[in-house]
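> Got a structure here, written out as structure tokens. Questions coming.
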Amino acid sequence: MGDEMTAEERALVEMDARLVRALEARPAVEIPAGFAARVAGQLPERRSVSLTPTYYGRNVMVACMVVLGVALLGLALDRTGGTTLGVALEWFVCAQFVALAMWLGVWRRGLR
Amino acid sequence: MVFSTLVRLTGSREHVDDLAQEVFLRLYRALPGFRGEALLSTYLYRITVNVAQNEWKRQRRDVRSTVSISDEVSGWEDRLEHPGPNAEEQMEEREFKQEVEEQLQQLSQVERTVLVLYHQEERTYEQIAEVLGMPIGTVRTHLHRGRKKMRDGLMARQATVEQATATQATATQAAERRAAWATR
């Protein structure tokens, strides 16, 4: 009785091992030639991307600097601008002009 | 990986290149939404399993008989090509593998998928759980249940073959005895 159980267990273990070996063996497959090209042919067309830079931001900044420069000139030539409000406005416009000039300088350095 | 997994899961080499193409197209379409939470291989396995399951459902609807992949791998010419001392063992091994494939196709979709991902693709329990979207414990259960069903099926077939062989041997012996009696 003990021998039968041992033999049966041995048969189970051997069957398990054979089964696992068979499952681990990969089926031999042959990838057809041109498969990659066939898949690529099914992909949707990509839109072409424009590589020409537009510099819209830079152009707007330069235009603003020109406007501010003209405003500064106008304020400087205005002899009646001695009021506190006039001086404050001059400093405000000057500060904006300087800030834009600094930004443009950093932007150009970043391009190099 | 994709081809071999599809062949094992569907049990057929028919339309495998179409199915593989579908897998890669789905992967391409899904890539923009891929955020890197899982490995790309997990994503690919998930798509492969889904495509295989769709194909399996289509096969069931069409009620087609599956072509054994073992038959397609080696024909009779290959079996007779190199006769040698191990030819019988090799043939026996090939037949055993064919029986394994047939038993694999008898399992449920989930059990078959778990077995293929675990043994053939060498995925871990965690990876399989992630691919199939189920708890690790469930993966283990399906794995053990599937292996047990296959083992029981194979042993039952082996017992049937042995019984048939024994019956044939008995019949042959009886015929030989009758022939010997008749010549006296």
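The values are calculated or read from the model by the stated rules, or taken from the named source; none is laboratory data. Just so it is clear, the model here is predicted, and its values are computed rather than measured. Cβ atoms come from the backbone with ideal geometry, glycine included; neighbour counts cover every protein chain shown.
> Of all residues in segment B:33-57, how many are under 11 Å from B:Val23 (Cα atoms) and in contact (Cβ under 8 Å) with a residue 60 or more places away in the chain?
Looking only at that region, the number is 4.
> Which condition number in (1) crowded, with 20+ Cβ neighbours inside 10 Å; (2) more than 10 Å from chain A (Cβ to nearest Cβ); (3) under 15 Å from A:Ala22 (Cβ atoms) is the one that B:Leu115 fails?
The single condition B:Leu115 does not satisfy is (2).
> What number goes with the only condition from (1) under 30 Å from B:Leu19 (Cβ atoms); (2) surrounded by 11 or more Cβ atoms within 10 Å (Cβ to Cβ) that A:Glu30 does not pass?
The failed condition is (2).
> Let me ask something else. Quick check on my filter: what residues within segment A:15-31 are facing another protein chain (nearest Cβ under 7 Å) and of a type outside the set (A, V, I, L, M, F, W, C)?
Within segment A:15-31, A:Asp16, A:Arg18, A:Glu24, A:Arg26, A:Pro27 meet the criteria.
> On to the next question. Only one of these is touching a helix residue (DSSP H, G or I) at 6+ places or on another chain (Cβ under 9 Å) and farther than 30 Å from B:Arg151 by Cβ: A:Ala95, A:Ala99, A:Ala25, A:Ala71. Name it.
A:Ala71
> Related question: May I ask you to list the residues in segment B:43-61 that are surrounded by 14 or more Cβ atoms within 10 Å (Cβ to Cβ) and not aliphatic (A, V, I, L, M)? Walk me through how you get there before you give the answer.
Let us first name the residues in segment B:43-61 that are surrounded by 14 or more Cβ atoms within 10 Å (Cβ to Cβ), namely B:43-53, B:55-56, B:59.
Scanning segment B:43-61 gives B:Tyr43, B:Tyr45, B:Arg46, B:Thr48, B:Asn50, B:Gln53, B:Glu55, B:Trp56, B:Gln59.
> Also, quick follow-up: Can you run down the residue pairs with Cβ atoms below 8 Å, 6 or more apart or on separate chains, where the first is in segment A:41-65 and farther than 30 Å from A:Ala99 by Cβ and the partner is at pLDDT 85 or above?
Correct list of pairs: A:Gln42/B:Gln21; A:Gln42/B:Leu25; A:Leu43/B:Leu25; A:Leu43/B:Tyr28.
> In addition: Would you please name the residue that is farthest from the other protein chains (Cβ to nearest Cβ), looking only at residues in segment B:21-57 that are of a type in the set (Ser, Thr, Tyr) and within 18 Å of B:Gln120 (Cα to Cα)?
First pass over segment B:21-57, keeping only residues of a type in the set (Ser, Thr, Tyr): B:28, B:41-43, B:45, B:48.
Of the ones still in play, those that are also within 18 Å of B:Gln120 (Cα to Cα) are B:41-43, B:45, B:48.
On the way: B:Ser41: 16, B:Thr42: 19, B:Tyr43: 17, B:Tyr45: 15, B:Thr48: 13 Å.
Looking at the filtered set, the residue picked out is B:Thr42.
> Only residues in segment B:137-164 that are closer than 22 Å to B:Gln127 by Cβ count as the first member; pair them with residues that are assigned to a helix (DSSP H, G or I) and small (Gly, Ala, Ser), Cβ under 7 angstrom, at least 6 apart or cross-chain, and list the lot.
The qualifying pairs are B:Val139/B:Ala129.
> Against the definition (more than 10 Å from chain B (Cβ to nearest Cβ) and farther than 26 Å from B:Pro32 by Cα), how does A:Arg47 come out, yes or no?
So A:Arg47 does not fit the description; no.
> Additional query: When the residues of segment B:1-20 are narrowed to those that are among the small types (Gly, Ala, Ser) and touching a residue at least 24 places away in the same chain (Cβ under 8 Å), which ends up nearest to the other protein chains (Cβ to nearest Cβ)?
Step by step, filter segment B:1-20, then rank; the result is B:Ser4.
> Which residues, taken from segment A:32-44, are more than 8 Å from every other protein chain (Cβ to nearest Cβ) and either outside any helix (DSSP H, G or I) or β-branched (Val, Ile, Thr) (or both)?
Of everything in segment A:32-44, those that are more than 8 Å from every other protein chain (Cβ to nearest Cβ) and either outside any helix (DSSP H, G or I) or β-branched (Val, Ile, Thr) (or both) turn out to be A:Ala33, A:Gly34, A:Pro44.
> Looking at B:Arg112, B:Arg123, B:Arg145 in this structure, which one is in a loop (DSSP other than H, G, I, E, B), closer than 29 Å to B:Asn54 by Cβ and not aliphatic (A, V, I, L, M)?
Only one candidate passes the filter, namely B:Arg123.
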